[in-house]
Amino acid sequence: MSDNVTGLIAEMTKDFIRNRVWQTLRAQGVLRFPSLPGRTPNFVGSTRAAARLWQLPLWGKARRILLSNCSPQLMLRRRALAEGKIVFMLVPGLRYEKCFVEVNPRHLGRRLPLCTSLLGALKFGRLLSPSEMPTVDLIVWGSLAVRRDGARIGAGDGITDLVYAILREEGRVRDRTPVATLVHSLQIVHERVPMAAHDVAADFVVTPSEVTATHAPYPRPRGVYWDLLSPKQLESMPALRRRMRRSGVNFPQTV
């Protein structure tokens, strides 16, 4: 079976899990606004989940944190900035070379409360390219579904895994840089989740009621796996395409 066919089957399986989790969250009435299909769901109890995470020692030690732009992490962004931590968020879609936005509370004064949203961060923060990023102490990704062994499913665009791979190539994250995710307990699944070489597992799964240290058995990607990217992904991400050309890798013509 070819790699493309294997990847297609795995993605179909992930899509099935995504759809089922969305249906369960909706049926149980735990979705909060804004919650749009294709994005990380906002859920009842996200503030309690955030509080569990910031009580962990890994949060206290972290000075520079890469956080998702998603709604469930709003309280994390507020808390981090209030504690004087430097927060990094993603410019949507990896459309630009400077695909990170830095929010440094020391430079913002009264504008700081406006920077917990991506819109405010883009207005008052500082845009950085991957090579301009400092070392990151903690990553918190959004997830649509996750297992207790750390296998996770995102929204399906592959952005977070690509960002991790790029930062790993630049030496801005290391193999032991902790990765956490905030989810509702209904987002924890038990069936097998396909994990490809480029997928990044979570070290900590945090819900409103518990924290699970996953001891994830999955190896972390050490860089971008160019041969696993489709022409569609590269066409939609100019910054990634330019990075590929600088690496001397041929642009794929077919999926």
Q) Does region 15-37 include one or more residues that are within 30 Å of W226 (Cα to Cα), at pLDDT below 90 and open to solvent by less than 40 Å² (accessible area, probe 1.4 Å)? A) no
Q. Which ones in region 170-213 are under 17 Å from L138 (Cα atoms) and over 17 Å from the mean Cα position of the chain (by Cα)?
A. E170, G171, V211, T212, A213
Q) Which residue out of L144, L119, L127 is more than 22 Å from L58 (Cα to Cα), touching a residue at least 60 places away in the same chain (Cβ under 8 Å) and of a type outside the set (V, I, T)? A) L144
Q.
Residues that are in a helix (DSSP H, G or I), under 20 Å from W54 (Cβ atoms) and not β-branched (V, I, T): does region 87-103 have at least one?
A. no
**Q.** Any pair with Cβ under 8 angstrom, 6 or more apart, that starts in region 205-233 at a residue that is farther than 13 Å from R152 by Cβ and ends at one that is open to solvent by 80 Å² or more (accessible area, probe 1.4 Å) and modelled with pLDDT of 95 or more
**A.** T207/R52; P208/R48; P208/R52; S209/R48; E210/R52; V211/R52
Q: Might you check whether a residue that is farther than 20 Å from G93 by Cβ, of a type outside the set (G, A, S), open to solvent by less than 40 Å² (accessible area, probe 1.4 Å) and not in a helix (DSSP H, G or I) occurs anywhere in region 109-119?
A: no
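So that you can scan it fast, the table gives a plain yes or no per residue for (1) basic (K, R); (2) loosely packed, with under 13 Cβ neighbours inside 10 Å; (3) modelled with pLDDT of 90 or more:
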{"position": "A180", "(1), (2), (3)": "no, no, yes"}
{"position": "H184", "(1), (2), (3)": "no, no, yes"}
{"position": "V200", "(1), (2), (3)": "no, no, yes"}
{"position": "F204", "(1), (2), (3)": "no, no, yes"}
{"position": "V211", "(1), (2), (3)": "no, no, yes"}
{"position": "T214", "(1), (2), (3)": "no, no, yes"}
{"position": "Y218", "(1), (2), (3)": "no, no, yes"}
{"position": "S236", "(1), (2), (3)": "no, no, no"}
{"position": "G248", "(1), (2), (3)": "no, yes, no"}
Q: Please enumerate the residues belonging to region 39-59 that are open to solvent by 50 Å² or more (accessible area, probe 1.4 Å) and modelled with pLDDT under 90.
A: R39
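The values are calculated or read from the model by the stated rules, or taken from the named source; none is laboratory data. The structure presented is a predicted model; accordingly, all values stated were derived computationally and were not measured. With ideal geometry, Cβ positions are generated from the backbone for all residues, glycine too; neighbour counts draw on all protein chains shown. We work out accessible area using only protein heavy atoms, side chains counted, and drop any ligands, DNA or RNA first. Shrake-Rupley method; radii C 1.70, N 1.55, O 1.52, S 1.80 Å.
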